[in-house]
Amino acid sequence: MLSFVLLSFSLSSIISKMKSDITIPKVENVFLAAIQEWSDDFMENIWNVYLVNDSDFDLDSVMVVSKAFGTIDGEMKKTSLLRHAFMQVPAVTVVKIEMVEKSVLRLNNEFMVTYFIGSTLYDKKFIFKAQSITPDYVEEVPILFVDGVIVR
């Protein structure tokens, strides 16, 4: 019994030390913007989500995983995961991620963005809260200079 207690104490102190050695860099000047645009396919305005790299660095091996979730009429709803990959997003550029379908605007829309700058891995979860992708919440999007809903 004593050896088990010593082993668990030793293991927990090792894990604590490992966690303190891991540095998680802060994501800066990289964000998402939902922009309303005309669609000839749908013959109406739709919302597209863009990854905005307003930094001085290229983003390499970019992976974006998106989903929507929330409650509609008292019932929990969630969409399937969508995955997008971009080899590189150059500094001070924008790349379109996906269209947000009208029916999921009532849900929380989550985008998990992971990328490298050099050999450092960056990771951030961006959430457009339910009902927040509307013309009521637009501001000017840097680089594109059009109105959109921004999450940082």
>> Per-residue counts of other Cβ atoms within 10 Å, averaged by peptide: what ranking do you get for 47-54, 127-134, 73-80, highest first?
In response: 47-54, 127-134, 73-80
> Put +1 on the Cβ of each Lys and Arg and -1 on the Cβ of each Asp and Glu in the chain; which of Trp47, Val92, Ala130 then has its Cα farthest toward the positive end of the dipole?
Replying inline: Ala130
>> Per 0.36 nm of contour for each residue apart, how much would the distance between Thr120 and Phe145 grow if the chain were fully extended, relative to their Cα-Cα spacing?
In response: 6.0 nm
> Taking the Cα centre of the chain as the origin, how large is its charge dipole in debye, to the nearest 20, when only Lys and Arg (+1) and Asp and Glu (-1) carry charge on their Cβ atoms?
Replying inline: 900
> At what distance in nm do the modelled label points of Phe69 and Ile24 sit from each other, each positioned 7 Å from its Cα along Cα→Cβ?
Replying inline: 1.6
> Please state the relative contact order of the stretch 20-152 as a whole percent: Cα pairs under 8 Å, 6+ residues apart?
Replying inline: 28
> Length gain on complete extension for the stretch Ile46 to Val92, per 0.36 nm per residue less the alpha carbon to alpha carbon distance?
Replying inline: 14.1 nm
> Simple spin-label model, 7 Å along Cα-to-Cβ: Ser55 to Leu82 in nm?
Replying inline: 2.4
> Just the accessible area per residue of the chain, please: how many Å² with a 1.4 Å probe?
Replying inline: 65
>> Can you compute 3J(HN,Hα) from phi for each residue in the stretch 131-140, using the Karplus curve 6.51 cos²θ - 1.76 cosθ + 1.60 with θ = phi - 60°, rounded to whole Hz and x for Gly and Pro?
In response: 6, 8, 8, 9, x, 5, 10, 7, 8, 6
> Tell me, what % of the accessible area of the chain is carbon and sulfur with a 1.4 angstrom probe?
Replying inline: 57
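The values are calculated or read from the model by the stated rules, or taken from the named source; none is laboratory data. This is a predicted model, so every value here is computed, not measured. Cβ coordinates were reconstructed from backbone atoms using ideal geometry, including for glycine residues, and neighbour counts include every protein chain displayed. Ligands, DNA and RNA are stripped out before the accessible areas are found, and what is left, the full protein with its side chains, is counted by its heavy atoms. Shrake-Rupley method; radii C 1.70, N 1.55, O 1.52, S 1.80 Å.
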